[in-house]
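The values are calculated or read from the model by the stated rules, or taken from the named source; none is laboratory data. Here the structure is a predicted model, which is why all the values come from computation and not from measurement. Note that we place each Cβ from the backbone using ideal geometry, even for glycine, and neighbour counts take in every protein chain shown. In case anyone asks, the SASA skips ligands and DNA or RNA and just uses the protein heavy atoms, side chains included. Shrake-Rupley method; radii C 1.70, N 1.55, O 1.52, S 1.80 Å.
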Amino acid sequence: MSEKTKSTIERLEEEGELAADYLEELLDIADLDGDIEIDVENDRASVEIISEESATLERLVGEDGEVLDALQELTRLAVQTETGERSRLMLDIAGFRADRKAELQDIAMEAIARLRATGVAQKLDPMNPFERKVCHDVVATEGLRSESEGSEPHRCVVILPADESDEIEESDAE
């Protein structure tokens with residue numbers, strides 16, 4: 001392992017530890033039970049709050065993950081305050097992001113199937129940056145192209161044929 005790789009992994013592990021400390025305090029204040037798991041994946045720290053009774057953590061996820069997104073940003077800011085560097089840390093609570101990622105992969109594959117069947121570009125519903133990244137990754141794995149278009153909060157993924165010279169007709173996805 002190179003010295004640079006080792007220091008990057010160590011830095012990300014430190015981010016995870018700092019995030020875990022911050023989140024443990026939050027759980028104590030909210031009087032919620034949960035265990036915190038720390039990992040490093042895709043060149044970023046990954047922290048998950050889990051509980052045997054996931055229902056107790058639902059308040060920390062919120063409707064469509066809005067509370068989770070806010071907690072992730074607060075956790076990133078707490079880490080940045082300690083390290084002086086911007087964090088790209090990913091936070092998951094009770095498996096919400098993992099479940100959403102699987103759902104998004106299915107949505108992207110269905111849109112890819114429609115594109116391959118019709119030759120028509122597929123425009124997905126508006127998504128947050130995490131959701132768009134999941135879709136872009138699926139599209140790239142399938143050897144196609146994708147772009148994000150629009151502005152927040154209406155930014156969405158458009159899936160395009162692999163060959164730029166293909167005639168493209170845009171269609172709204174369901």
message: Tally up the residues in the range 18-58 that are farther than 14 Å from Leu91 by Cβ, assigned to a helix (DSSP H, G or I) and either in contact (Cβ under 8 Å) with a residue 12 or more places away in the chain or in contact with a strand residue (DSSP E or B) (Cβ under 8 Å, 6 or more places away or on another chain) (or both), please.
response: 4
The listed residue being open to solvent by 60 Å² or more (accessible area, probe 1.4 Å), touching a Ser or Thr at 6+ places or on another chain (Cβ under 9 Å) and of a type outside the set (A, V, I, L, M), out of Asp92, Asp35: Asp35
message: Go through (1) surrounded by 15 or more Cβ atoms within 10 Å (Cβ to Cβ); (2) under 17 Å from the mean Cα position of the chain (by Cα) for Glu82 and report which single condition fails.
response: (2)
query: Under 6 Å by Cβ, and 6 or more places apart or on different chains, what pairs join a residue from the range 64-82 that is more than 21 Å from Asp125 (Cβ to Cβ) with one that is assigned to a helix (DSSP H, G or I) and open to solvent by 20 Å² or more (accessible area, probe 1.4 Å)?
result: Thr75/Tyr22; Ala78/Tyr22; Val79/Leu18; Glu82/Leu18
Among the candidates Arg76, Arg44, residue that is surrounded by fewer than 17 Cβ atoms within 10 Å (Cβ to Cβ) and of a type in the set (Lys, Arg): Arg44
- prompt: So which residues in the range 59-101 are among the acidic types (Asp, Glu) and part of a loop (DSSP other than H, G, I, E, B), if there are any at all?
  reply: Glu85
Members of the range 112-132 found to be among the aliphatic types (A, V, I, L, M) and over 20 Å from Pro153 (Cβ atoms), listed by number: Ile112, Ala113, Leu115, Ala117, Val120, Ala121
message: I'm checking my understanding of the structure. Among residues of the range 111-125 that are assigned to a helix (DSSP H, G or I) and open to solvent by less than 30 Å² (accessible area, probe 1.4 Å), which one is nearest to Pro161 (Cα to Cα)?
response: Leu115
- prompt: Within the range 98-106, can one find any residue that is open to solvent by less than 30 Å² (accessible area, probe 1.4 Å) and not assigned by the TED database to the domain that holds Ile38?
  reply: yes
